[in-house]
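Student: Take a look at this one; I'll ask things after.
What follows draws every value from the coordinates through simple rules; no lab data is involved. Remember, it's a predicted structure, so these values are computed and weren't measured experimentally. Note: ideal-geometry Cβ built from the backbone for every residue, glycine included; neighbour counts use all protein chains shown.
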Amino acid sequence: MQFLNPFDLINSDFDSISEITPSILKKEKRKVIADVELSEDNSILISRIRFYKAECINALNELEEPLKLKFYFFLSKYPELNNFLYRSDPEFFYTLRHDKIFDSPDFIAFIEPYFAKSYNAALVQALRINDHPTLKLINSFPLLSTGKNTDQFFQDTYHYLQDKINTLDDISNKLEADNRSYNKNNINELIHLIRNLIDTQSLNLLPSYFQSI
């Protein structure tokens, strides 16, 4: 599910949610649709992602629901989190600010599908490049999750680790097949091989979800 904040489609910059009336929303919706229809392919580029007319209309229609209007407006005023939901930009974890809205079950249910997708991508990328500071920050941030499907936050990292485990198994099987033994003279070769496969410090910085692996 691709995130699209309808306020990113609207040119007007509202200072307060109280300024946004149904008549203003209708007017802004007509403007956006007109802009999209004037484009060559009925689309608009937001945060380097192309959205088409139907997607834009669906996003704008969500603003008719008071809770979603409130949540999208909050995200429009929190660019680091808003950008994270588009592009999994880890800057969000470095500029984190705690807000009481994070304690709202309604907000968590709203944001979870988008946040899980970006969290999943950011975590596996940090692990791939052994970005220890980012891994530490990601691990320290509480999941914005209802708890019903936490696997979606970790699936790419799980598959990445499973691939590494399978590679280690292949090495072990090959050593057994070759009847090759390691001693103090050649053990460094094996250690170097394993260290190139996975970084121990990175593993230690992963969320507790991975303790069973």
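Student: Cut-off under 20 Å on the C-alpha distance; same-chain residues fewer than 8 positions from Lys164 excluded. Which aspartates and glutamates are left, in chain and number order?
Tutor: Qualifying aspartates and glutamates at Cα under 20 Å: Asp131, Asp151, Asp156, Glu176, Glu189, Asp199.
Student: Have a look at Tyr52, Gln211, Ala122 and report the one farthest towards the positive end of the charge dipole of the chain, computed about the Cα centre with Cβ charges (Lys/Arg +1, Asp/Glu -1).
Tutor: Final value for the positive-end residue is Gln211.
Student: Students often get this wrong, so check it: of Lys26/Lys100; Lys117/Lys174; Lys27/Lys77; Lys29/Lys148; Lys31/Lys100, which have C-alpha atoms separated by over 27 Å?
Tutor: From the list (Lys26/Lys100; Lys117/Lys174; Lys27/Lys77; Lys29/Lys148; Lys31/Lys100), the Cα-Cα distance tops 27 Å for Lys26/Lys100; Lys117/Lys174; Lys29/Lys148; Lys31/Lys100.
Student: Scan (i) 1.35; (ii) 1.96; (iii) 1.10 for the value of Cα Rg over 2.2 N^0.38 Å calculated from this model and give just the label.
Tutor: Only one option fits the structure, namely (i).
Student: How much length would be gained if the chain were fully extended between Arg97 and Ser16, taking 0.36 nm per residue of separation minus their Cα-Cα distance, in nm to one decimal?
Tutor: Additional length available on full extension: 27.2 nm.
Student: Another one. So if each residue of separation counts as 0.36 nm, and I subtract the Cα-Cα distance between Glu40 and Ile198, what length gain in nm does that give?
Tutor: So the chain would gain 52.2 nm between Glu40 and Ile198.
Student: Further, regarding this structure: Would you kindly calculate the mean projected area, averaged across all directions, of the convex hull enclosing the Cα atoms of region 120-164, in square nanometres?
Tutor: Dividing the Cα hull surface by four gives the mean projection, 3.2 nm².
Student: Sticking with this one: Which of Glu28, Glu64, Glu40 has the fewest other C-beta atoms within 10 Å, and how do the rest follow up to the most?
Tutor: Glu40, Glu64, Glu28
Student: With springs connecting C-alpha atoms under 10 Å apart, model the chain as a Gaussian network and identify which of Asn173, Asn82, Asn130 has the largest mean-square fluctuation.
Tutor: Checking each option, the largest mean-square fluctuation is seen for Asn173.
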